[in-house]
Structure formats: C-alpha cells, structure tokens
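Data block below; observations after.
None of the figures in this text is laboratory data; all of them are computed from the coordinates on show. In this text the structure is predicted, and so the values were computed from the model without any measurement. Counting neighbours? That spans all protein chains shown, and the Cβs are built from the backbone with ideal geometry, glycine included.
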Amino acid sequence: MQKGIENINKFTSIMLDVKNEALAQIVDAGNINELEELKIAYLGRNGKLTTLIKKIKDLSISEKKQAGGLINEVKNTILDALATQKNTLKESARDWFDASIPGKKPTIGHLHLITQAIREISSTFEKIGFVRVRYPEVEWDWYAFESLNIPRDHPARDDWETFFIDTPPHSKYGLMVLTPHTSSGQVREMMRVKKPPIRMLNIAKNYRRQSDVSHVPMFHQFEGLVIDEGISVAHLKGTLDYFARNFFGKDRKTRLRPHHFQFTEPSFEVDISCGVCKGNGCKLCKEGWLELGGAGMVHPNVLKNGKIDPNKYTGFAFGWGVERTFMMKAGLEIGDIRLLYSPDLKFLRQF
Amino acid sequence: MDIIVSDNWLKDYLKTTASPKALARSLSLSGPSVDKIERGSGDFLYHIEITTNRVDTAGIYGIAREAAAILPRFKIQAKLLPLRTKSKQSFARKVKYLDVKIDPKLCLRFAAVLIKNVKIKPSPDYIKERLMAVGERPINNIVDISNYIMHEIGQPVHTFDYDKIRGSKMILRASKKGEKLTTLDGKTHQLPGGDIVIEDGEGRLIDLAGIMGGQNSAVDSSTKNVLLFVQTYNPVNIRKTYMNLAQRTEAAVLFEKGLDTELVGLGIKRGIDLFVKLTGGKPENTVLDIYPKPYKARRVITTLTFFEKRLGIKLSKSEISKYLNLLGFETSWNGKKLETLVPSFRANDIFLAEDILEEVARLYGYHNLPSSLMTGAIPDPLVDAPFDFEDNIKNLLSGWGGVEAYTLSTVPESSVETGALKLKNPLGKESSFMRTSLMPSLIKALKENTGEKEPFHLFEIANAYLPRKNMLPDEKMILAGIFANTNYREAKGIIEALLEKLNADVKFVVEDGKVFSASKRSIIKSNNVKIGQLGVLEESSIYYEFDLGLLKKISLAITPYTTIPKYPAQIEDMTLVLPSKTRIGEVAAFIESAHKNLVKVELVTIYKDSHTFRLWYQHPEKTLNNKDVEIIRNKVVSGLREKFGARTKD
C-alpha cells in the first residue's frame, strides 16, 4: 500500500485502482455476507477508501477540492454496485424481467351483433343440411305476396307494413316492394332447385313501415324451407326442437300453437320454453313460454306457384326475426332496438 | 285484429267449469290466442287475437262456440248455450215499407226491417257495463243495440232514420268516381269509385255501405221510426274503400274479412228482440231479405292416410269425426275416404283437405304431435355462395381493429345518384330512396362519432341498389369503410393487407375522383377493370369501397403454393434522397421490377427527404455473394438516379 500522496495525479490513480478493485470484488460476491464484508473492507472505519481519504491532508487546497469530488464519486459508485449486486442476488441467478407490466394491445375490432347472430343461426342449420341462400331485397309483389297465396286486396296484407317503390307495375309481377319478410324467397328457391329435396335457409334484410322502440324499418329475418316427399308436422317440430336445443341450450323446448298465415296450412305460432324460469312461469314469459315466431306446412298453392307438385311433395317453413331471436338467446335487453342500426361506437364496441 | 271478451257475457253462451286461466290456456293451445286476462269490475276480460281467417270468432258467441269444442279436449266440461231469439217475423224478398234494388256482386245478402215508434233513451246498466267492458262507449239505446250485436255475434248492424229515406227507396250500387258523401262523423268524402253506396228515392247517397252511414239518414234525438239494417258485403270493395278513404271503422274491419251470410238472419232477429226490449218499438211483421245465393255447404274430401302422413301419427276414423263434429262440420266416412261439410261460418276459410287437416290437428293438439328430424337426401350446396368470402373479410378487418356497422339502406335524395329507386310511401324524407352507394351512409356514421378523438375504422358489407329499366334493381354487394383520425399509410396498409390475404392481384392507380381531395384518390384495378377505390375525402377521413362480386372473382380462395427457396436472401437497407413531390409508390415499383433477383421491396422509414427501403435479393439456384448483389444494386441505383433523380445516402 502507498505510503504518501505527493500530488493529485497520484491520488487519482490510486483512487481509481481502489474503485476497480472494489467493483470487481462486488460482482464476484456470491452472497449477502460477502457483500457486507466488502462494504466494511472499503467503506468501514478502517476501510481502504476511508484510509485514503485521511491522506488528502498532504495536498494543496485546490487539489483537496478536486480530490473531494473524486472521493464522492468513487464512494457512490461502490454503494450503487453493492445495491445492484444485492438485488441480483435476491433474484437468484435469473435475468431481471418484469412480467407484471401491462401489455400493449393492438386495436381491437368488433363484429356487429347481427353478424354474430347470423353466423350462429346459419351454422346451427347448416349442420342439418340447410343451404344458405340470398334473394332480392327489392322484389316484385308477386314473389312477396301473390305467389304466397296473398291476393292484392286481402286483409292479411295488413300484417306487413309494406314499402312500395315508385315505379310502374310489371305486367306479370305487379308492383315493386321492399321485401317485408324472407318468405319472398320461398318460390324463388323452389324455382332455383326445381326438384326437391329443398332445405333452404334464407337470411336477409327486410323492411316494414314502422319505427318505434321495438321496431326498426329495416331488420333481418331467417327463413327455413324444407320440401321433400313425406315431410310432416313431426319434421317441423323436430327441426324446431333441434334448433332450440342447439341454439338456446339443451334443456329448451318448443311448442306449436294455432295461427294463420295465407302461405301455410296448418299455420303455427312457435313458442320456446323460458330459459329464466325453466318453463315454470315468470315475469319475462307467458306461463313458461316465450313467442319465437311463425311457422307452418307449405300451402299447396305456394308449391304450385313454385312449380312443385303438391300431390308428390310436402314441406314446412318458418321465418323469424334475427334480432329478436338472438336477443332472446343472449339475454340482452336493448331498450330501443333501433340502436342496433346506429353507428355509435360506444354501442358497437361493446360486442 | 284484437278483441276483448267479457267473461260474464261469454257465460251467457258457454256453460263450463273452466277457470278463466284454464280457458285462456286451452284456447291459446288449440284455437285463438289469448294474449292476456285482465280483471274487470266483477268480471274477467280476455284479450284475444283473431287471425284474418277466423272472423267467425270475432265476437262473444263465436268464442263460446270455439271454447265449447276445445275445452273437452283438455278434460274440462263445456257446453254451448245456443243464442235463441224470440222474434217471429217472416222473411220475404219484397216488403211494402221499402223498395230495394241491389247489385248482388256487391251485396251477398241484404236484410232490413222497419221498427216504428222507438223511444230513444239510455240503455239499461247491464248493457252499458258490457259495452264499456269491451271498450265501447254507451251512447243511447239505438246506437248501443248496434254495438252490442256487433260485439256479441261479430256482425255489424246499422240503423237509419226511416223517415229520412226519401221515397222509401234504396238502390245499392257501386259509386262513380268523384261522387260525394258526408258520413255521420261529419267527414265529406270524394269517392274513388267502386265503393258500395246506397242511393235513396231522390238520388241522394245516404250510406257508405259497410263503413259508415250517411249524415243525411242518421238516427237523431227526434227519430221515431228506425230501419234496422243487416248485410253481407263483398269484402274486396269494403277494403278498397276504407283504405282509399282512410276510414277504418270496426264494421269495415269485420266486413273486409268476409262474413257469414247466415249471420244476417241471426243479426236481424237479435236486433228485433233488443229493439222491442230496449226501445219499445213495434217491428213490422215481415223482414226484407234479399239473399240470391243461400249458403250451400261446401264438400271437402280427405282420406285417413292423408291425416296420418301429414301429421306423422295414427288416428282413428271416429277420433277425426269427433273433432270435426265438435267444430260444427258434418262428416261421413266411406271406407278410408272422408266427406266433410263445411259450416257457413267457416265458408271463407275451409276449402282444401289441408284446411280440414288443420282443424283435426289443432283439436288433437299440436303440443301432442311427435317430433323427429327429417331423413332423406341432403340438397346440393349453392354454387358460388358468397357467404364465406364475406365472413372472411369481416374477420380480417375486425382483426385489424375495424368496427362493423349496419346502416340503413334507405337514404335521403341528396345521397343518391339520379334515377335511384324512390319509395312511394317512405316514413320520412331522410329515408325516401334506396341507396346507390354506401359512402353517404358511412360519412354520416363518421359524423355521428365526431366526439371520438382516437383513430377508428368503421366498415360495412351491404347492398347498393342500382336501378335498371323495367327490371328489379341490380343489388350490388359492396364492401365499404371509413377511417377517421388515421394516418393515410396505416389505412392504406390495411387495405393492402386485406388484398394480400385475399390473394387479389390489383393495381392502385392515382386518379382524381368526385368528393375526394385532389390527388388523394386511387382507383383499384385488376386487369384494367375497376373493382374499388381508396382515397382521402374532402373532410380528411379516408374512404374505400369494393364491388364484392368483382373482388371475389379475382381473389384466390386458396393461396397458391410456391417452392420454398433453397438459398437464403440477402437483405439490405437502401436510403434514398428524393426530390420533393416524388411518388414513392412509383419508386418502390421501379425497384421491384428492376431485376428478377430483387424479390421484395419495402419502405421502412421516412425521415425528411430520406426514404429507407429494405431490399431482398434472392436467386433460386444459388446463394448470391456480395459481388452479385453489388451488380444488381448498381443497376438499381443508376436507374433511380436517371428516372427519379435519386441519390443514395450511406
């Protein structure tokens, strides 16, 4: 060890040696005890650094000032090295990694609720051989009504608040309308397929002249149409039960009640057992049942209009609202259904 | 239509042990749907939905008849107590007190009777209470009788002040266009023509038949003699008239559904009884009854096999007969063949074997029918179905942060091109045309989200309706989207990525377009056919759209396989200093096509006028060495200098 300090240069060089020596030993230290010993060895009362500090008295006043700065720096460096090595030892031999840091997300996109509903509905029916199709939204009166056994002046037309297009009527097909229901696709599908079997799933936009919290002038329906030899009411019930179990849940059932549609005979109103009270009756349902929509056995006149022989083939059809059906499943209570067609991001981003 | 049925009133004609709840439930399962039961004062009120084919149940008596048939199927005792009348009048085609001529196409049955010396006063309390229970306001005994009968049996009844019918004469005919008539609510109608009207002996129109009486023949406080008037009209004429005149009365709603002609006789007799009882009037001994074609029961033939096949169950002949008889049909079996006679009150509903089937099935109970999925062949899939393609695009765009919207297809006139389809009866001006583009809808959607400061991307797949002469419009499926607060390169990058994922080989060609800012629009072309566009709108949002049909055509459903290169690529960055206003797209395209071993180029960073590109050099048969790369690089650099005045920067 040096005996005396002649000048600042000498002092500096000695200090740096001490610092490097200390840092090397600190990094090599394998446990907390070793670090404590090193701390005493350098910074203790008789430590190497402390001893050196005592020697600056031999220096000139200006050199003393310079030396003081250096001492502080070396001392801090050693303290930092001791602390860092202590943390390193705590984390044993691993590299430091903070897994708790919040991630950086990509922008999250959203599919519309109706898209999600349509996907679920189509995949449920496609599994039992239904073929998804799409037919005109702007349609001739003949396909929307006349071919479905609903003549021009029939009061049943009041059930469809129909929008008409301002164009001259077609000599054969009549006025141009916005399809008020997916049933407009029935005769078109019969004409496309020509020879049964038919298992159609028509999902489309529909339009009706009404707008309030439970009606939007534009909405979606899905229509099932099955035509083949020997199709009976039992098959309609089977299909609806299949849908209820697979779409709504395995303990759900459907029920048919009498109704009337011009294009089906017999016609039914379809109920589904309430998912909340399990069919026992509650505030949300009517004695354990909720109304799903209409269905029926295809009227022979409709088959004839679709050029299908009603003596050979029979069929059934059902057509329900996509929005209503999906909300019944998801238990969503959207107070104003028109919100579905609003572009408000605060709404769209929820799904 | 919805009707209200009072339980007290119903019990005049229905004897049953059923509780109101059981009655409602049974009716709903096998007949008309009871929407709710309401408690009245000392009464229960059933709210019942009557479908258009079952106007025979649009009254207390009709519901009693239906309930009497249905309740026993639910093991509840029930019996119809028939409506009996006391009046002993005879019916004749001619009477002394009224000379009538009718058009039998417009009026299927015409009955009337003169009742003299009526006393107008309030009705007794039980009549008033019942009328109020079913939603009718009591006025005086004459008006109340009409309403009472209508609610009881579902047959509208009208009364004239007999002394106001000039010449005691009536001609029932179709109106001529432009004729005028003032109804008793004080409204004067200019008739569209083809309406059923009644003219008196002086040629005055005194009745808008089936809809509302004329003011000039109405009963008033000084009326002494009343003509009680019950008819069956042609439903089509009634419907046209009330729709044209927007005069939808309760009577019209019944008549338009086609009423039972046999009900006219019951209506007039019930009317006479009530007039005698409530007004003290003296009816004439003969009722005028013009009934050119009395009802003859329709015969419908079915077979046992038909029932079994359509319902998927076994049924006995006696069971089928029992159900039909309960509902008023006469039946006779001949082997497996069933002949059914349709009662008059079902004449407008039952025509076919299918209709008979419905009657049997609902009494058997739809809820009792079996349930099984159909067997048999599965149909062929739709050729070229677009659904998976659309779904794929929706998944990709939402995966990159897009938010899907559904906006309305109907838009204001300012949003469409000329010739667009116009609605005849829109709900308002804002929704009076079928859209020809999605752009106005998406711009509107964007404006409705102006509070949003973060970048966002809205997209939609929906039809545009392009008009065609004498044809349905061309419904073109469009993909469109709009970006707000978004950097142009980022927005364009999403579109490029989409096209890459769809394996669509396209070119972006810069070309100005309406509503887009100058120089900020590109047409997206494939083999010189425009399939879409992308550009910055005047309000600085970025809009794009594609004709989905065309896009699908040029997209490859399956990515083609290319052999994996055996030799690695040399990758290097090249920074170019370019003169201002150089189109970087052209520079990149130039580099990419400069040499066949330059397989990929990407723009990495831009700093002021320095543009750093990343270049991939690759040879299919060997590893390129530095010398090879240098040759290619030199060619690129000198080409860039010559064509764009570009300098390289180290």
Inter-centroid distance (Cα atoms) of segment B:192-238 relative to segment B:102-123, Å | 10
Expressed as a rounded percentage, what relative contact order does chain B have, with Cα pairs under 8 Å and six or more residues apart?
-> 9
Karplus couplings for segment A:64-78 from phi (6.51 cos²θ - 1.76 cosθ + 1.60, θ = phi - 60°), rounded to Hz, Gly and Pro as x?
-> 4, 4, 4, 5, x, x, 5, 4, 4, 4, 5, 4, 4, 4, 5
Per DSSP H run of n ≥ 4, the term is -39500 (n - 2.57); total these for chain A, divide by its residue number, and report the mean residue ellipticity at 222 nm rounded to 500 deg cm²/dmol.
-> -11000 deg cm²/dmol
Binning every alpha carbon pair distance of segment B:542-644 at 5 Å from zero, what are the percents per bin?
-> 2, 10, 18, 17, 14, 14, 12, 9, 3, 0
Output the Kirkwood hydrodynamic radius of segment B:259-394, Cα pairs only, in Å rounded to one decimal.
-> 19.6
Over 22 Å (Cα to Cα) among B:Lys15/B:Lys282; A:Lys10/A:Lys54; A:Lys237/B:Lys317; B:Lys492/B:Lys525; B:Lys596/B:Lys649; A:Lys105/B:Lys608 -> B:Lys15/B:Lys282; A:Lys237/B:Lys317; B:Lys596/B:Lys649; A:Lys105/B:Lys608
For a quick protection proxy, order the peptides B:339-345, B:28-34, B:590-596, B:81-87 by their average other-Cβ count within 10 Å, most packed first.
-> B:28-34, B:339-345, B:590-596, B:81-87
Please give the average number of partner chain Cβ atoms lying within 10 Å of the Cβ of each residue in B:457-469, rounded to a whole number.
-> 2
For labels at A:Ser100 and B:Glu586 in the simple 7 Å Cα→Cβ model, what's the distance in nm?
-> 5.7
Across all directions of projection, what mean area in square nanometres is found for the Cα convex hull of segment A:240-351?
-> 9.4
Taking the C-alpha atoms of segment B:129-192, how large are the radius of gyration and the largest Cα-Cα span, Dmax, in Å?
-> 15.2, 43
Packing rank of B:148-159, A:162-173, where each peptide gets the mean count of other beta carbons within 10 Å, highest leading = B:148-159, A:162-173
Segment B:Glu602-B:Glu452, extension gain: residue separation times 0.36 nm, minus the distance between their alpha carbons = 50.8 nm
Other protein chain Cβ atoms within 10 Å, averaged over every residue that makes up B:388-397 | 2
Cβ crowding within 10 Å averaged over residues, with B:234-245, A:112-123 ranked highest first = B:234-245, A:112-123
Normalise the Cα radius of gyration of chain B by 2.2 N^0.38 Å (N = residues in it) and let me know the number.
-> 1.53
Rounded to the nearest 500, what is the 222 nm mean residue ellipticity of chain B from helices alone, with -39500 (n - 2.57) per DSSP H run of 4+ residues and division by all residues?
-> -8500 deg cm²/dmol
When the Cα atoms of segment B:9-74 are enclosed in a convex hull and the volume is divided per residue, what value in Å³ results?
-> 82
Counting other chain Cβ atoms within 10 Å of each Cβ in A:133-139 and taking the mean gives 5
Using the Kirkwood formula on alpha carbons, the hydrodynamic radius of segment A:8-90 in angstrom works out to 13.2
Evaluate the distance, in nm, between pseudo-label points positioned 7 Å from the Cα of B:Lys36 and of B:Leu352 along their respective Cα→Cβ axes.
-> 3.7
Kirkwood-based shape ratio for the protein assembly as shown, expressed as Rg/Rh from alpha carbons | 1.19
Mean shadow of segment A:134-254, computed from the convex hull of its alpha carbons, in nm²?
-> 9.5
Post the alpha-carbon centroid distance, segment A:152-225 to segment B:281-303, in whole angstrom.
-> 39
The Cα radius of gyration of segment B:98-164, divided by 2.2 N^0.38 Å with N its residue count, comes to 1.31
According to the Kirkwood expression over distinct Cα-Cα pairs, how big is the hydrodynamic radius of segment B:370-528, in Å?
-> 18.4
Over 16 Å, how big is the tail of the calculated P(r) for segment B:298-364, in percent of all Cα pairs?
-> 36
For chain A, what is the relative contact order in percent, using Cα pairs closer than 8 Å and at least 6 residues apart in sequence?
-> 14
How big is Rg to Rh over segment A:279-326, alpha-carbon atoms, Rh as the Kirkwood inverse-mean-distance radius?
-> 1.23
To one decimal place, what orientation-averaged projected area in nm² is obtained for the convex hull of the Cα set of segment B:123-258?
-> 7.9
Bounding extents of segment B:1-152 in its principal axis frame from Cα atoms, largest first in Å, are 53, 36, 28
With θ set to phi - 60°, apply the Karplus curve 6.51 cos²θ - 1.76 cosθ + 1.60 along segment A:38-46 and write out the HN-Hα couplings as whole Hz, x wherever there is a Gly or Pro.
-> 5, 4, 5, 4, 9, 9, x, 4, 10
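What translational diffusion coefficient, in µm²/s and rounded to a whole number, does the Stokes-Einstein relation yield for segment B:456-511 at 25 °C and a viscosity of 0.890 mPa s, taking the hydrodynamic radius as the Kirkwood radius over Cα pairs?
Numbers: Rh = 13.7 Å.
Reported coefficient: 179 µm²/s.
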Reachable lysines from B:Lys322, Cα under 17 Å, same-chain residues fewer than 8 places away excluded?
-> B:Lys75, B:Lys79, B:Lys314, B:Lys336, B:Lys337
For B:Leu396 and B:Ile4, calculate 0.36 nm times their separation in residues minus their Cα-Cα distance, and state this gained length in nm to one decimal.
-> 135.7 nm
Förster-model FRET efficiency, 56 Å R0, B:Tyr126 and A:Asp212, C-beta, rounded to 0.05 = 0.90
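Can you tell me the convex hull volume per residue for segment A:51-169, based on C-alpha atoms, in Å³ to the nearest whole number? Intermediate values should be presented prior to the final figure.
Numbers: hull volume 39.4 nm³, N = 119.
In segment A:51-169, the Cα convex hull volume per residue is 331 Å³.
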So what's the gap between the Cα centers of segment B:434-505 and segment A:34-77, to the nearest angstrom?
-> 73
Starting from the Cα of B:Ser318, step 7 Å along the direction of its Cβ; do the same at A:Asn72; then give the gap between the two resulting points in nm.
-> 11.8
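With contacts defined as alpha carbon pairs under 8 Å and 6 or more residues apart, what's the relative contact order of segment B:387-554 in percent?
18
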Rounded to two decimals, what ratio of Rg to Rh does chain A give with C-alpha atoms and a Kirkwood Rh?
-> 1.54
Per the rule of 0.36 nm per residue minus the C-alpha distance, extending B:Lys180 to B:Thr303 adds in nm 38.9 nm
